[in-house]
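As structure tokens, the structure follows; a few thoughts come after it.
Every number here is computed from the coordinates shown, using simple stated rules; none is lab data. Please read these numbers as outputs of a predicted model, since none were measured by experiment. Here the Cβ positions follow ideal geometry from the backbone for every residue, glycine too, while neighbour counts run over all protein chains shown.
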């Protein structure tokens, strides 16, 4: 099923309490950070609707640290998501990532902060990881799939053309906030769901337990727990590795004054979002 073109850039982060600065919050011992594009049919040269979800998960507790929907996969954007998590949860000891260009700023940061002689950033090929695969499958089923079908239905109706920059701008303006709200609701639900194999504790409870007891995994096991092999079952094949998503380029830049004339997306349902999207496209065509 190569209709699901998820983009995945895996970062594996090992944390030890001794290496967290005293002026930062305590952090979980291990994170896995992934970026997944809204899936699309076929083998497009870049993500069809230019939407990417950056996500971070604690490898010990499986607590999702963040899920962020954005419009690009630039290194600066990936780094901002990573750094926001660092600000909240503390400085990681190591980062393991694939060799995608979007990870270069994270790599520079890690090397500059922790030094060059301790493998602060390790680039390599990811291997199969059931826990992270489970997360991204659930993110797709619980959140992304709804938008996936919605956007294709909009294309079928002729109101959305992914090669039209005005359409993409309106799509992002209206639906990115909705997508972010759905992701945040999923994150909260995920962090509170009970895991049988963890003694019916939730990821949040496991994370708190890990912090209080100072649990730290054996760093020699990082290779065995790193990443996702999306092609292992042929369902999530990554065909766009290393491809940077282009920015939306309107024929004329929108001034702050013109931007203020756009209706703010406060839609509670996807159906009301569709109405606002159509109105936004019409308004943009009138003012550009």
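Taking each residue as 0.36 nm, the span from residue 193 to residue 137 lengthens on full extension beyond its C-alpha to C-alpha distance by 18.6 nm. Take each peptide in 82-88, 160-166, 260-266, count the other Cβ atoms within 10 Å of every residue, and average; sorted highest first, the result is 82-88, 160-166, 260-266. Here the residues 152, 66, ranked from fewest to most Cβ neighbours within 10 Å of their Cβ, fall in the order 152, 66. Highest-first packing order for the peptide set 113-119, 50-56 is 50-56, 113-119, based on the mean count of other beta carbon atoms within 10 Å.
A straight chain from residue 164 to residue 117 at 0.36 nm per residue would run longer than the Cα-Cα distance by 12.1 nm.
Spin-label pair residue 155-residue 271: with each label point 7 Å from Cα along the Cα-Cβ axis, the two points sit 2.4 nm from one another. Computed extension length for residue 108-residue 283: 58.8 nm, one decimal, from 0.36 nm per residue of separation with the Cα-Cα distance subtracted.
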